[in-house]
Each structure stands twice: as C-alpha cells, then as structure tokens.
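Asker: There's a structure below that I have some questions on.
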Amino acid sequence: MPEANIPLWEVFIRSRNGLSHKHAGSLHAPDATLALQAARDLYTRRGEGVSIWVVPSNAITASDPAEKGMMFEPTASKVYRHPTFYEIPDEVGHM
Amino acid sequence: MYTQALNAQALDAEPDRADPGVAKVEDAVRLQRFQERIDAEERIEPNDWMPELYRRTLVRQISQHAHSEIIGMQPEGNWITRAPSLRRKAALLAKVQDECGHGLYLYAAAETLGVAREELVDQLLSGKAKYSSIFNYPTLTWADIGAIGWLVDGAAIMNQIPLCRCSYGPYARAMIRVCKEESFHQRQGYEIMLTLARGTDEQKEMAQDALNRWWWPCLMMFGPPDTVSQHSDSSMRWKIKRFSNDELRQKFIDATVPQAHYLGLTVPDPALTFDAASGHWRHGPIDWDEFKQVVAGNGPCNAERMARRRQTEEDGAWVREAARAYAEKNRAKAA
Ligand SMILES: [Fe+2]
Ligand SMILES: [Fe+2]
C-alpha cells in the first residue's frame, strides 16, 4: 500500500521583536508540533527568527491572480485617497 | 504558500477546453501576454497562467536540483565521523545539514507547480529522475572534502546566482536562501585546501590528488557544450536560465584557476592557457563520453548512491508511519 502524503504547512517567521511575521517557505509534517520543530531546523539555522508560526497550507484562502484586475482595480482609480491629490500652496507647509 | 488544492482548482477552471479551436487561439494570446510579462522582468507566481512546457521544464529542473542536494549529502557525509578535528567536524556537519535544507526548499518550490513531493521522490527512487553527475564520484580522502567545498560548491554558486533572478518566483526565492548559505560551504572547502597545501609534503600531495580527480567532473557539472545542449532555447527565452552552459563554465574556470595557483597546485589540464586578449583562461577538451557514461548510470558511485537513498527511504518508513499514527490519535482525541 502506498504511504499517505504528509500534510503541507506554511511557515511564518518574526525575525526580531518589533517586526511582523513574514512568510519564509513551506514544509511537510504530520502535526503542528513536528511542523514547528521542522520549521526551526529548516528556516532558522542562522538566527533568522525569534518566533515561528506554522499554518496548514489548506487553511489558507488565496485570491485568484486571474481576477486581480477586478480585485484591485478600485484602489487604482481612487486617486483622491492619496495626499498628492490635494493642492495646497507650498508656503502652507505640510504636517 | 500555494497549496496543491489551489493549483488543481486553477487547472480545472481552464476555459474552453472542450473546443480545441477556441483553446488554441486563447493559448496563443495568453502565450504572448506571458512572454511580455517575462520580457518586462515580471515574476511568474504559482497560480498565474503559464505555458505547459514552462511548468514541465521547471518541475524537471527544480526537482533535479532538489535530488542533487539530497544525494549530494552522501559523498560528504562519508567523512563526518572521520573529520580531522572538532572544528572541521562541526563545519562539515552544518554544511551537510544545509544541503538537506536546500533539497527541502527546492522540493517545496517544485510543489507550487502542482506536483507532490512524494511523487518527485518516487521518480528519484525509480531511477526516472536524474541528479547532478558530480555526486557519482567517490570521496577517497579528507582532501576531497576540501575540493568539494571549493569546487563543487563553487560551481553551484556560479549556477545558482543567476537563478536568483529566475522568472519563476518560488524558485528564485529558494535560490536566494540557498546562495546565502553556499558562501560558507565554499569558504570552508577552500580553507581545508589551504591548510593541506601549506602542510607536509604528503598533505600537499593529497590536495593535488583531490584537485586532479575533481577538476574535470566539476567542469562537466555545467552540462554539455552550447553546441549540443537541448532545453536551452526556451529556458533562455523564458528567463529560467540567463547564461549558457559554456558561459557559466568559463566564469567558473576564470574564478578558480587563480585560486588553484594561490594554493600552489597545478590544474590537471596541460592545454590550459591564459588568453590575454580576452582575459579568459582557455581549457583543453572535456571528455564528454565520461559525462555521458555517468549520466547514463555508469559512473563510479551511481549504484551505491541510489542503493543508499532507497535504503534510507525504507528505513524511515516506520518513523513516518509512527508520526502519522500519533497525529491521527491526537486528532481523534481532540475531536
Ligand atoms: Fe546546496
Ligand atoms: Fe553547498
């Protein structure tokens, strides 16, 4: 009988306090405890982190890149959300 | 961070598969748009549309690269228990552990293209997939560990630095991680060579002997000459590859010949000459028959490497089974 595949996890690492966790890569592990240990061995061999999150890959819902036009267009057309949209004389200065 | 499930959905959602005519026109348009993105140095990410050949080329290249890292642990692992000092032992152990990590980053990068790691490992174990020819040579003396770090990891660096700009995002990111670690590998190897080269006559002889045996196989690591190399055209157009085999080989020779001279060693190529006009070292003919033999499975250690890898897989089966059973039991308890 072929072996069942071992689940995939995504690894997020906080490189130092004050920074947020950032995606570092993926790994396979049967459970969360082993995923954490494997993440330590695989992604922090040179002091890359002070904290690790592991998340089952299939728990992540991702946006579809094919729909990115529809998904992100509204931000492109709303120039009035940016400070540069507003005209203020130079001598007023900025805050 | 792209699950296989997501990739499967993306494939199912391909429109108009039922009408091959429509699909063809669609594909031509998509292909052109894809090439424009590549030309604009945009990175391609896992769930983006990509030509089937691009996907297949990457799966083959990334998985072969991963297999090479994993098999590559064997020749060096051979010397861990016999390293001449604690300092050397700790360094070698850390290096071999890094190579395992490289293999795992790379399998993960390949998996973003919709294949399972288990499937890739099966291809290696069944002999269907290849790995770098260099790991089919034996490590006979401690000096070989120096030569491997200096030359084999040096050649890997030459290959991998341009791959940090590969058009496929996950591969490029894995390579950035790998390249950061390779520099330690290359330096610890050269330091071993330097120590031997400055040692007793016998030690210097050992260093020379290792260079003699590793030099030509290292030049072969870059693959067949450009005149006969397959796969290259589309790989270059799609910016999977940015330099040809011969270009990378030349860079490697130009970097390592002066390093050999610094060691006071002789490069085992009587035809080697410095071409002052171009500033390049010109090498003599490479024995491509030897390369073909090693790739075909007839190198000095092919059988040994595969037997060891298969044995390891078998020996680990009960561990994987136990870990799965334990995880299952805990899930049942929590439910
Ligand atoms: Fe490596
Ligand atoms: Fe390495």
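Asker: Give me the inter-chain shielding for A:32-39: mean count of other chain Cβ atoms within 10 Å, whole number please.
Answerer: Numbers: counts 2, 4, 3, 0, 0, 0, 1, 0.
The per-residue average across the peptide is 1.
Asker: Restricted to Cα positions, what overall size does the stretch B:217-335 have along the principal axes? Three whole-Å values, descending.
Answerer: That works out to 75, 35, 31 Å along the principal axes.
Asker: If you bin every alpha carbon distance in the stretch B:46-106 into 5 Å steps from zero, what whole percent lands in each bin?
Answerer: Pair shares across the bins are 4, 18, 20, 16, 13, 10, 7, 6, 4, 3, 1.
Asker: Quick one: B:39, B:254, B:98, fewest Cβ neighbours within 10 Å first, how do they rank? Could the numbers behind the result be given before it?
Answerer: Values: B:39 11, B:254 14, B:98 21.
By the 10 Å Cβ count, ascending: B:39, B:254, B:98.
Asker: Given the Cα atoms of chain B, and with Rh set as the inverse mean 1/r over their pairs in the Kirkwood sense, what is Rg to Rh to two decimals? Working shown, then result.
Answerer: On the way: Rg = 22.2 Å, Rh = 21.9 Å.
Expressed as Rg/Rh, it is 1.01.
Asker: For the stretch A:29-75, what does the convex hull of the Cα positions come to per residue, in cubic angstrom?
Answerer: Once divided by residue count, the hull of the stretch A:29-75 is 133 Å³.
Asker: Per residue of the stretch B:300-309, what does 6.51 cos²θ - 1.76 cosθ + 1.60 with θ = phi - 60° give for ³J(HN,Hα)? Whole Hz please, x for Gly and Pro, Karplus curve as stated.
Answerer: Values, residue by residue: x, 10, 3, 5, 4, 4, 5, 4, 5, 5 Hz.
Asker: Can you work out ³J(HN,Hα) from phi for every residue in the stretch B:175-182, in order, using Karplus 6.51 cos²θ - 1.76 cosθ + 1.60 and θ = phi - 60°, giving whole Hz and x for Gly and Pro?
Answerer: 5, 4, 4, 4, 4, 4, 8, 5
Asker: Using a Cα-Cα cut-off of under 25 Å, which lysines could be cross-linked to residue B:292, ignoring same-chain neighbours fewer than 8 residues away?
Answerer: B:128, B:130, B:241, B:251
Asker: Mind listing the phi-derived Karplus ³J(HN,Hα) values for the stretch B:273-278, rounded to whole Hz, using 6.51, -1.76 and 1.60 with θ = phi - 60°, and x for any glycine or proline?
Answerer: 9, 8, 9, 4, 4, 9
Asker: In which sequence would A:84, B:195, B:57 go, from the one with the fewest C-beta neighbours within 10 Å to the one with the most?
Answerer: Working: A:84 6, B:195 16, B:57 19.
Neighbour counts put them in this order, fewest first: A:84, B:195, B:57.
Asker: Work out, in µm²/s and without decimals, the Stokes-Einstein translational diffusion coefficient of the stretch B:210-280 at 20 °C, 1.002 mPa s, Rh from Kirkwood over C-alpha pairs.
Answerer: Numbers: Rh = 13.7 Å.
Here the translational diffusion coefficient equals 156 µm²/s.
Asker: Considering only the other residues whose Cβ falls under 13 Å of the Cβ of residue B:136, what net charge follows from Lys and Arg at +1 and Asp and Glu at -1? Let's see the in-between values first.
Answerer: Numbers: positive: B:130, B:213, B:292, B:305, B:308, B:309; negative: B:290, B:304.
Result for the neighbourhood of residue B:136: +4.
Asker: When Rg is the radius of gyration of the Cα atoms in the protein assembly as shown and Rh is its Kirkwood radius, what does Rg/Rh come to? Intermediate results must be reported in sequence, preceding the final value.
Answerer: Values: Rg = 24.8 Å, Rh = 24.4 Å.
The Rg/Rh ratio comes out at 1.02.
Asker: Here is a further query. For chain A, what percent of Cα pairs sit more than 20 Å apart?
Answerer: Tail of the P(r) past 20 Å holds 61 percent of the pairs.
Asker: Moving on. With an 8 Å Cα cut-off and a minimum separation of 6 or more residues, compute the relative contact order for chain B in percent.
Answerer: On the way: 352 pairs, mean separation 58.7, N = 335.
18 percent.
Asker: Given the rule -39500 (n - 2.57) for each run of at least 4 DSSP H residues, summed and divided by the residues of chain B, what is its mean residue ellipticity at 222 nm, to the nearest 500 deg cm²/dmol?
Answerer: On the way: 15 runs with 218 residues, N = 335.
Value at 222 nm, helices only: -21000 deg cm²/dmol.
Asker: Tally Lys and Arg at +1 and Asp and Glu at -1 over the other residues with C-beta under 12 Å from the C-beta of residue B:178: what net charge comes out? Mind dumping the intermediate values first?
Answerer: Working: positive: B:173, B:177, B:180; negative: B:69, B:98, B:99, B:153, B:181, B:182.
Surrounding charge for residue B:178 is -3.
Asker: Here is a further query. Using only alpha carbon positions, build the gyration tensor of the stretch B:175-252, then give the equivalent ellipsoid semi-axes as the square roots of 5 times its eigenvalues, largest first, whole angstrom. If you can, show how the numbers build up before the last one.
Answerer: Values: eigenvalues 212, 59, 10 Å².
So the equivalent ellipsoid measures 33, 17, 7 Å along its semi-axes.
Asker: With a ≥ b ≥ c taken as the square roots of the eigenvalues of the C-alpha gyration tensor of the stretch B:54-172, please select rounded if a/c is under 1.5 and otherwise prolate if a/b is larger than b/c or oblate if it is not?
Answerer: Details: a/c = 2.21, a/b = 1.79, b/c = 1.23.
The shape class here is prolate.
Each value in this text was obtained by applying a stated rule to the coordinates, not by laboratory testing. Please read all numbers here as calculations on a predicted model, not as lab measurements. A quick note on method: Cβ atoms are made from the backbone with ideal geometry, for glycine too, and the neighbour counts reach across all protein chains shown.
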